[in-house]
Amino acid sequence: MGNQEKAEKGDTVLATSTRLFKGRVVEDSNEKKGESLLASTPVVVLSAILGRTPTLEEYKDAVQDIDLTKFKPPLEKSLDTLSVHF
């Protein structure tokens, strides 16, 4: 969601943003309190795919081969001078 977008009143929103103060992303409806929940990026992505919050086992299965602690940016500069990464 962009910074100006809001969910429907009473929805539950899972987001990676720490700016989830009451009423910013979702408001209460007459039937249900709106919820803004903070989660890691893998949990938010998996939730979007499943359409619900994953179980612990589903999460473990989905991230078992991902090791972001070993990510390294390229050591050599890109030959493409238009690259935004260098």
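Before moving on, here are some points about what is shown:
- Across region 8-15, computed HN-Hα scalar couplings (Karplus, 6.51 cos²θ - 1.76 cosθ + 1.60, θ = phi - 60°) run 5, 4, x, 6, 10, 10, 9, 9 Hz from first to last residue, x flagging Gly and Pro.
- Cα shape, region 12-64, gyration tensor, a/c 1.5 rule: prolate
- With the simple spin-label model, which puts each label point 7 Å out from Cα in the Cβ direction, the LEU75 to LYS6 separation comes to 5.2 nm.
- Using the Cβ of LEU38 as centre and a radius below 15 Å, the other residues enclosed give a net charge of +2, where K and R count +1 and D and E count -1.
- Amide H contacts for THR12 (H built 1.01 Å from N in the peptide plane; partners 5 or more residues away or on another chain; cut-off under 5 Å): GLU35.
Each value in this text was obtained by applying a stated rule to the coordinates, not by laboratory testing. This one's a predicted model, so the numbers in the text were calculated from it and none came from an experiment. Quick reminder, even Gly has a Cβ in these numbers, built from the backbone with ideal geometry, and neighbours come from all protein chains shown.
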